[in-house]
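The structure's right below; bear with me while I get my questions together.
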Amino acid sequence: MSSNTQKRVEGAAEEIGGKIKAGVGRLLGNEQMEAEGRATELKGQAKKEAAKAAERVKGKVEEMAGAAKGKLGDLIDNEQMQAEGKATELKGEARQKANN
């Protein structure tokens, strides 16, 4: 599992744990517990979003590198390089879409 995937999972777990803690605090009338839960929930959301943003950046870099490789392959008339470039470009686009 990539480090960003791991961070996304950790963020989601933190978010859920925070929601649960906030809900229990609300049920018990414990404002401090509710506030701590909400803070944990927000921290988890932030961690998840940061990991997604990092993956989008990686995807953009892949997309641009693939496009450049494809254009170079076109320029020197190398079909394999064109195909590899297109594959990398599409992989980058997919990574970006998966992390929106």
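Any read-out appearing in this document is the output of simple, stated calculations on the displayed coordinates, not a laboratory observation. Everything numeric in this text was worked out from a predicted model, so none of it was measured. Positions of Cβ are backbone-derived with ideal geometry, glycine not excepted, and every protein chain shown enters the neighbour counts.
Which of the residues belonging to segment 55-85 are among the polar types (S, T, N, Q) and either in a helix (DSSP H, G or I) or in contact with an Asp or Glu (Cβ under 6 Å, 6 or more places away or on another chain) (or both)?
Within segment 55-85, Q80, Q82 qualify.
Here is a check on your reading of the model: is A51 surrounded by 14 or more Cβ atoms within 10 Å (Cβ to Cβ) and under 22 Å from E10 (Cβ atoms)?
So A51 fits the description; yes.
Among the residues of segment 29-50, count how many are acidic (D, E) and within 27 Å of the chain's Cα centre (by Cα).
Count: 3.
Applying the selection to segment 38-83, what residues are free of Cβ contacts under 8 Å to residues at least 24 places away in the same chain and either of a type in the set (S, T, Y) or within 16 Å of S2 (Cβ to Cβ) (or both)?
V57
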